Amino acid sequence: MAMSVRIRDEPSASGRTAAAASARRAAAIIPKNSIAGRALIAVVAIMAFLASLTTGAVMLVQAAATDWQSDVAREVTIQVIPGAGRDVEAGVRKAVEIARAFPGVSEARAYTKEESAQLLEPWLGNAFRLDDLPIPRLIVLRVPSGASNTDLAQLRKMVVEQVAGASLDDHRAWIERMQTMAGTAIAGGVGLLILVFTATVLSVTFATRGAMASNHAIIEVLHFVGAKDSFIAKRFQHHFMVLGLKGGAIGGGAAFVLFAIAQLLSSWFAGTAAADEMAVLFGSFSINFPGFLAVLGQIVLIAAVTAATSRHVVNKTLETFE
């Protein structure tokens with residue numbers, strides 16, 4: 001009787017051999033081509049695609065905003081407003097002389113009356129008699145990038161004192177608005193990335209718990225033959241890391257293709273009015289090497305997050321196993 005009890009409590013030699021072989025094949029604890037695995041790859045691919053698009057869009061907006069700020073910061077505008085008894089042409093010539101002689105100003109160009117009127121045509125059309133309107137005359141000054149010897153306050157004082165109806169605008173308000181817009185776009189992009197990674201973590205968590213529930217018997221057998229929790233967790237971590245890499249590569253690759261197509265289309269339609277307007281707003285639609293490197297880093301990060309989440313969930317779940 002004691003002999004029969006001992007045989008039931010301890011596995012036979014053949015049973016131990018089979019269990020050891022099962023432990024050696026622990027990488028197959030979770031089927032590689034299961035429906036749940038394919039579904040998780042699809043979810044991760046979608047998340048990676050959205051994250052890559054967000055990163056690329058933020059980088060495009062940031063690059064465009066930097067270019068805008070650089071262009072605007074290098075320009076200063078003088079306006080000479082017509083008025084009763086004012087010689088506008090003389091005022092324009094005087095303002096140009098002051099600007100050209102002022103230290104730190106590399107160029108001063110006065111717009112003609114016709115050129116000034118053309119600036120209003122997109123809003124007023126050409127049906128109005130612009131000759132009857134007091135259209136300000138514009139003088140555009142160019143300041144070298146990074147120049148620190150241009151005292152715009154002194155230049156403004158000289159222009160206002162010596163030219164009637166003149167004013168100087170350094171576009172500081174526009175630069176602050178651009179900085180605010182760029183900061184808002186970056187903050188929104190970061191927030192969207194956080195949501196994407198949060199959704200990825202939740203998806204991996206549910207998938208890991210489902211895989212452990214469906215393979216509960218196998219995990220118990222591994223425990224029975226002496227497998228440690230760290231060994232089991234490592235198998236799950238490797239499995240989900242591979243799924244994360246596959247999904248990230250698919251989603252990131254799709255984003256790569258989309259950005260490449262956008263860049264190709266922008267080069268094809270370069271020179272057209274629509275392409276020029278889009279180029280002013282978003283640049284050349286090229287995220288260049290830093291952008292592609294950032295997308296590649298996101299693919300690796302998604303795989304790492306997937307693996308780490310799976311390992312954490314497995315360790316917490318194994319603590320509840322008897």
Legend entry - Diffusion constant of the range 218-263 at 37 °C, which comes from Stokes-Einstein with the Kirkwood Cα-pair radius and 0.692 mPa s, µm²/s: 252 µm²/s
Legend entry - Paired Rg and Dmax values of the range 157-219, which use every Cα atom, in angstrom: 28.4, 92
Inset, instruction - Report Lys246's accessible area, 1.4 Å probe, all protein chains in place, as a number in Å² to the nearest 10. - result: 100 Å²
Legend entry - Simple label model, 7 Å out from Cα along Cβ direction - Ala42 to Lys234, nm: 3.4 nm
Legend entry - Heavy-atom accessible area order for Ile135, Ile81, largest first, 1.4 Å probe: Ile81, Ile135
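In terms of solvent-accessible area of protein heavy atoms at a 1.4 angstrom probe, what is the ranking of Leu120, Leu258, highest value first?
These residues rank, largest area first, as Leu258, Leu120.
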Legend entry - For the range 195-275, radius of gyration divided by Kirkwood radius, i.e. Rg to Rh on alpha-carbons: 1.33
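Compute the length gained on full extension between Leu264 and Trp123: take 0.36 nm times their separation in residues and subtract their Cα-Cα distance, giving the result in nm to one decimal.
Between Leu264 and Trp123, full extension yields 47.5 nm more.
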Legend entry - For q = 0.12, 0.18, 0.23 Å⁻¹, Debye-computed log10 I/I(0) when each Cα of the range 141-274 counts as one equal scatterer: -0.84, -1.14, -1.33
Inset, instruction - On the full set of protein chains, 1.4 Å probe, figure out the accessible area of Lys113 and give it in Å² to the nearest 10. - result: 100 Å²
Legend entry - Neighbourhood charge, 13 Å Cβ-Cβ cut-off, centred on Met212 and excluding it, Lys, Arg +1 and Asp, Glu -1: +1
Legend entry - Ser266, Ser106, Ser116, reordered so the largest accessible area comes first (probe 1.4 Å): Ser106, Ser266, Ser116
Inset, instruction - With θ set to phi - 60°, apply the Karplus curve 6.51 cos²θ - 1.76 cosθ + 1.60 along the range 58-65 and write out the HN-Hα couplings as whole Hz, x wherever there is a Gly or Pro. - result: 5, 5, 5, 5, 5, 5, 5, 5
Inset, instruction - Would you please give the residues with an amide H less than 5 Å from that of Leu120, counting only those at least 5 places away or on a separate chain, with H modeled from the backbone geometry? - result: none
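The values are calculated or read from the model by the stated rules, or taken from the named source; none is laboratory data. Please read these numbers as outputs of a predicted model, since none were measured by experiment. Heads up, the Cβs are rebuilt from the backbone with ideal geometry, glycines too, and the neighbour counts pull from every protein chain shown. The area values use the complete protein model at the heavy-atom level, side chains included, leaving out ligands, DNA and RNA. Shrake-Rupley method; radii C 1.70, N 1.55, O 1.52, S 1.80 Å.
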